[in-house]
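Peer 1: The following block contains the structure, expressed as structure tokens.
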Amino acid sequence: MLVYRLTQLFDSVKHTLFIIGTSLIVFLALRNSIVWHMQQFWGASGDFWQRQWENLFNFFGQNELLLSTVGSFIFTSSVFWLSNIFLMVLDVTGWPAALLKYKIQNSKNCPLRLSDMKRAIKVALFNQIVVGLPTSFLIYWVMKWRGCTCSPNDLPTFHWVVFELSVFSLAIEIGFYYSHRLLHHPKLYRHIHKQHHEWTAPISVVSIYAHPVEHVLSNMIPPALGPILMGSHLASSWLFWALVLMSTTVAHCGYHLPFLPSPEAHDYHHLKFNQNFGVLGVLDRFHGTDSQFRASLAYQRHFLLLSTVPVSQQVPEPSKKTSE
């Protein structure tokens, strides 16, 4: 059994590293060109982002506590709602209708009742403001103890940020997978995690529709583990947190849209409850908590859609004759 699990883990890690490695190689190859064009666009000598961070730092009175807590709250909340607003309109109004063909569970929440959307928004705002703000103060003190900074004089280099993002991704996989599985324990599930799973067909804003304990344990701590481990600059943390918020928005949106990461895995988790607990899929592969998903039609549809043809048409439901 151990050999089998190690083989599964190796296959999953190899697949993940191939994707990350290919992306990094392409990104690094384009870096010099990107930097040159950005310099020409801004008419600067390469210090544009440095000056923007200095302006932000000065705006908060050079107070690291305020920038790290209130500033982080404003930034992450803005990213979250800007990422969600279009999808929220689509869920409630069905506009634009051309996108409805990309709905994964097309018999549910299509269209979504306005009362359900209001309920989801209310819980999301509560978690962001009442739960999130106090927790961000605690995270700040841990990050300060670890040596994290937000000074304009300590901004990381491009290459270091790329390395940090890789470490952050592995850290959130570990933190989220095990905290998520813990919340599925029967003694905890009915009291805490069941609230999140009220949505068997998720919508984007449901990514932070959760019990306060879950919001802290699974939504806030795992994304902070990497920056704490690395002693990272706040700018690196903000970049990663923005990516996490946009990623979880897509994962919960309920639509497999062209040119966006596939949400099939997490949508399947909401449908079946006992599959796909992680972010990258590495630990799901190791622990075998994706075996049912890998045998499903959803897994065949779990790929980056590079055309306007919906995955439901590219990988259609098997006909009755075929299934018989």
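The values are calculated or read from the model by the stated rules, or taken from the named source; none is laboratory data. Everything numeric here is computed off the predicted structure, so don't read it as measured data. Ideal geometry is used to build each Cβ from the backbone, glycine not excepted, and the neighbour counts take in all protein chains shown. Calculation scope for accessible area: heavy atoms of the full protein, side chains included, ligands and nucleic acids excluded. Shrake-Rupley method; radii C 1.70, N 1.55, O 1.52, S 1.80 Å.
Peer 1: When the residues of segment 270-289 are filtered to those that are touching a residue at least 24 places away in the same chain (Cβ under 8 Å) and not in a loop (DSSP other than H, G, I, E, B), which remaining residue is farthest from L306 (Cα to Cα)?
Peer 2: Step one: of segment 270-289, the residues touching a residue at least 24 places away in the same chain (Cβ under 8 Å) are 270-271, 273-274, 277-289.
Retained after the next criterion (residues that are not in a loop (DSSP other than H, G, I, E, B)): 270-271, 282-287.
Values: H270: 25, L271: 25, V282: 24, L283: 27, D284: 26, R285: 25, F286: 29, H287: 31 Å.
Of everything passing the filter in segment 270-289, H287 is farthest from L306 (Cα to Cα).
Peer 1: If a residue has to be part of a helix (DSSP H, G or I) and crowded, with 16+ Cβ neighbours inside 10 Å to count, how many in segment 42-72 make the cut? So that I can check it myself, show each step before the final result.
Peer 2: Taking segment 42-72 and keeping what is part of a helix (DSSP H, G or I), we get 42, 48-59, 64-72.
If we keep only those that are crowded, with 16+ Cβ neighbours inside 10 Å too, we end up with 53-54, 56-57, 64, 67-69, 71-72.
Qualifying residue count, segment 42-72: 10.
Peer 1: Identify the single condition in (1) open to solvent by 30 Å² or more (accessible area, probe 1.4 Å); (2) within 22 Å of the chain's Cα centre (by Cα); (3) among the aliphatic types (A, V, I, L, M) that V142 does not satisfy, given that it satisfies every other one.
Peer 2: The number of the failed condition is (2).
Peer 1: Filter segment 203-213 down to residues that are open to solvent by 10 Å² or more (accessible area, probe 1.4 Å) and assigned to a helix (DSSP H, G or I), then give me how many there are.
Peer 2: Number of matching residues: 3.
Peer 1: Now for a different question. Of all residues being more than 22 Å from the chain's Cα centre (by Cα) and not aliphatic (A, V, I, L, M) in segment 90-108, which is most open to solvent (accessible area, probe 1.4 Å)? Just the residue, please.
Peer 2: Among residues in segment 90-108 that are more than 22 Å from the chain's Cα centre (by Cα) and not aliphatic (A, V, I, L, M), the one most open to solvent (accessible area, probe 1.4 Å) is W95.
Peer 1: Right, something else. Which pairs have Cβ atoms under 8 Å, sit 6 or more apart or on different chains, and link a residue in segment 297-314 that is surrounded by 18 or more Cβ atoms within 10 Å (Cβ to Cβ) to one that is among the basic types (K, R)?
Peer 2: P310/K101; V311/R301
Peer 1: Within segment 183-192, identify whether any single residue is farther than 23 Å from I129 by Cβ, open to solvent by 30 Å² or more (accessible area, probe 1.4 Å) and touching a residue at least 24 places away in the same chain (Cβ under 8 Å), and answer yes or no.
Peer 2: Yes - at least one qualifying residue is present in segment 183-192.
Peer 1: Under 9 Å between Cβ atoms, at least 6 apart or on separate chains: pull out the pairs that start in segment 34-60 with a residue that is more than 20 Å from L239 (Cα to Cα) and end on any residue that is at pLDDT 80 or above.
Peer 2: Correct list of pairs: A44/R51.
Peer 1: Please verify whether F240 is within 30 Å of R146 (Cα to Cα) and either at pLDDT below 95 or not in a helix (DSSP H, G or I) (or both), treating the condition exactly as stated.
Peer 2: Values: within 30 Å of R146 (Cα to Cα): yes; either at pLDDT below 95 or not in a helix (DSSP H, G or I) (or both): no.
Taking the combined requirement at face value, the residue does not satisfy it.
Peer 1: State all residues of segment 232-287 that are open to solvent by less than 40 Å² (accessible area, probe 1.4 Å), out of contact with any strand residue (DSSP E or B) (no Cβ under 7 Å at 6 or more places or on another chain), hydroxyl-bearing (S, T, Y) and under 28 Å from F75 (Cβ atoms); if no residue qualifies, say none.
Peer 2: Passing the criteria: S232, S236, S237, T248, T249, S262.
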